[in-house]
Amino acid sequence: MNFSLTEEHIMIRDAARDFAKTELLPGVIERDDKQEFPNELVKKMGDLGFLGIMVDPKYGGSGMDAISYVLIMEELSKIDASASVIVSVNNSLVCYGLETYGTEEQKEKYLTKLATGEFVGAFCLSEPEAGSDATSQKTTAIDKGSHYILNGTKNWITNGGRADVYIVIAQTDRDKGSHGINAFIVEKDTKGFHIGPKEDKLGIRGSDTHTLQFNDVKVPKKNRIGVNGSGFRFAMKTLSGGRIGIAAQALGIASGAYELARKYSKERKAFGTEICNHQAIAFKLADMATDIEAARHLVMKAAWEKDQGKNYDYSSAMAKLYASKVAMEHTVEAVQIHGGNGFVKEYHVERLMRDAKITQIYEGTSEIQKIVISRSLLRD
């Protein structure tokens, strides 16, 4: 076992850390307050290769590995989880799916622009009555020979109002259950495709989240991803990789809160000394550091397995389950260490606490991760 980062990985991590501190940090409170999508910052992240991290360079990507991906995600998430979720969705759910399962024509037309940040992508699976149960899709795609007709509603869609390309999961043949589901590429300005109001969220408020409506949307057959009936498998495998990204996001939120709490504890004085010298605070920091390091190892293991071509369904579920739990628990502790200052925006930890909660919900709730893990444990 080798727990050291390569020189290249360290350079990538440091570049992401510098970008987060110099570009994301200024204005992060205002963007959160105004629910402002970071358009210019997305362009800059695209220029740095953050929107196509693992995509082959022949399609405009950076050609990096999954370890690099989680390092970038952690550093961005320490500062601005709203920006990092844009990176996660574009990389894990959109670029990965297209590069792995798409046709050469689809890659040339869409992936090349998504990987460079010219386009932003969205992944449309969740529905009002089919959030975690992906087999219960109400959105339908009726085969009309040369094209499909899409009808239905998707909700909680990240990048919903700002994306250029949408990957939509829909039911083509209900009698076939999960084998009757397909994935489709839908362009933003397609007739019959409507973007609903922006959601007013607890956290990641700079992220653009919308409900989407498909009313007799005509999708060319060449925009179906994979063979007929492969949409469910496509969605599940794509989500497994997405869970690595969200686990890294949760890790970043937790480690960002820890760094702020540690710094504050060495500056704030009470009863004649810095509060870090009081055991009550020192032990909180010890617990935070230990749990965050444990989460980091789980996240890195899942990324390493992906890089090695191993099955990472189990490890990514475990990483997301634990890292999101650590993020939620220790952002609360960071607020506690800050005392009254932790309850106001200028100290950042209250935002990190609000951002942490979604990591236990999207791309499969914590309960869904336990189903994935337990099924893997009991399979043999």
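The values are calculated or read from the model by the stated rules, or taken from the named source; none is laboratory data. Being a predicted model, the structure only gives us computed values, none of them experimental. Glycine gets a Cβ as well: all are built from the backbone with ideal geometry, and neighbour counts include every protein chain shown. For the accessible areas, the whole protein counts, side chains as well, though only heavy atoms, and no ligand, DNA or RNA atoms are used. Shrake-Rupley method; radii C 1.70, N 1.55, O 1.52, S 1.80 Å.
Could you please report the charge total around K218, scoring K, R as +1 and D, E as -1 over all other residues with beta-carbon less than 10 angstrom from its beta-carbon? The answer is +1. Straightening the chain between R233 and K188 buys 13.7 nm, computed as 0.36 nm per residue apart minus the Cα-Cα spacing. Scanning residues 5 or more positions from F119 or on other chains, those with amide H under 5 Å from its amide H are L114, with H placed 1.01 Å from N in the peptide plane. Checked against a 22 Å cut-off, the cross-linked pairs K266/K301; K144/K191; K176/K237 give Cα-Cα distances beyond that limit for K266/K301.
Helix content alone sets the calculated 222 nm mean residue ellipticity of the chain: runs of n ≥ 4 DSSP H residues at -39500 (n - 2.57) each, divided across all residues, give -15000 deg cm²/dmol.
With springs connecting C-alpha atoms under 10 Å apart, model the chain as a Gaussian network and identify which of S324, S240, S178 has the largest mean-square fluctuation. Of S324, S240, S178, the most mobile in the Gaussian network model is S178.
Summing Lys, Arg as +1 and Asp, Glu as -1, what charge do residues with Cβ under 15 Å from the Cβ of G241 carry, G241 excluded?
Local net charge: +1.
From the alpha carbon centroid of region 287-317 to that of region 170-217 is 30 Å. Summing +1 for each Lys or Arg and -1 for each Asp or Glu among the other residues whose beta-carbon sits under 10 angstrom from that of S366 gives +2. What percentages make up the Cα-Cα pair-distance distribution of region 87-184 when the bins are 10 Å wide from 0? Bins of 10 Å from zero give 16, 44, 35, 5 percent of pairs.
Reported to the nearest whole Å, the Cα centre-to-centre distance from region 126-158 to region 230-273 is 31. Within the chain, DSSP assigns beta bridges of which about 85% are antiparallel (rounded to the nearest 5). Between F232, F50, F123, the Gaussian network model of the chain with springs among Cα atoms under 10 angstrom shows the greatest mean-square fluctuation at F232. Each residue of region 248-253 was assigned a 3J(HN,Hα) from its phi angle through the Karplus curve 6.51 cos²θ - 1.76 cosθ + 1.60 (θ = phi - 60°); the sequence is 5, 4, 4, 4, x, 4 Hz, with glycine and proline shown as x.
If R0 is 22 Å, the Cβ-Cβ spacing of K266 and E329 corresponds to a FRET efficiency of close to 0.50.
In terms of its C-alpha gyration tensor, region 4-144 has an oblate overall shape, because the principal axis ratio a/c (a ≥ b ≥ c, square roots of the eigenvalues) is not below 1.5 and a/b does not outweigh b/c.
Put simply, the amide H of I225, placed in the peptide plane, has neighbours under 5 Å in A183, F184, I185, leaving out anything fewer than 5 places away on its chain. Sequentially through region 159-174, phi angles give Karplus couplings (6.51, -1.76, 1.60; θ = phi - 60°) of 6, x, x, 10, 5, 9, 10, 10, 9, 10, 9, 8, 8, 9, 9, 5 Hz, Gly and Pro residues having no value and appearing as x.
Pairs exceeding 19 Å between alpha-carbon atoms, taken from K21/K325; K154/K198; K320/K357: K21/K325.
Only Cα pairs under 8 Å and 6+ residues apart enter the sum, and on that basis the relative contact order of the chain stands at 16 percent. Remark: region 371-376, residue by residue, has Karplus-estimated 3J(HN,Hα) of 5, 4, 5, 5, 5, 5 Hz, where x stands for each Gly or Pro and the curve is 6.51 cos²θ - 1.76 cosθ + 1.60 at θ = phi - 60°. Evaluate E = 1/(1 + (r/R0)^6) for T290 and E40, where r is the Cβ-Cβ distance and R0 equals 45 Å; express this FRET efficiency to the nearest 0.05. Given R0 = 45 Å and the Cβ-Cβ separation, E is 0.75. Length gained on full extension, D175 to K301, computed as 0.36 nm times the residue gap minus the Cα-Cα distance: 41.5 nm.
Ranking C276, C124 by solvent-accessible area of protein heavy atoms (1.4 Å probe, all protein chains present), from largest to smallest, gives C276, C124.
Extending 7 Å from Cα along the Cβ direction at D56 and again at M1 yields two label points whose distance is 3.5 nm.
Can you give the FRET efficiency for D18 and L377, using 1/(1 + (r/R0)^6), R0 = 45 Å, r = Cβ-Cβ distance, to the nearest 0.05?
0.65
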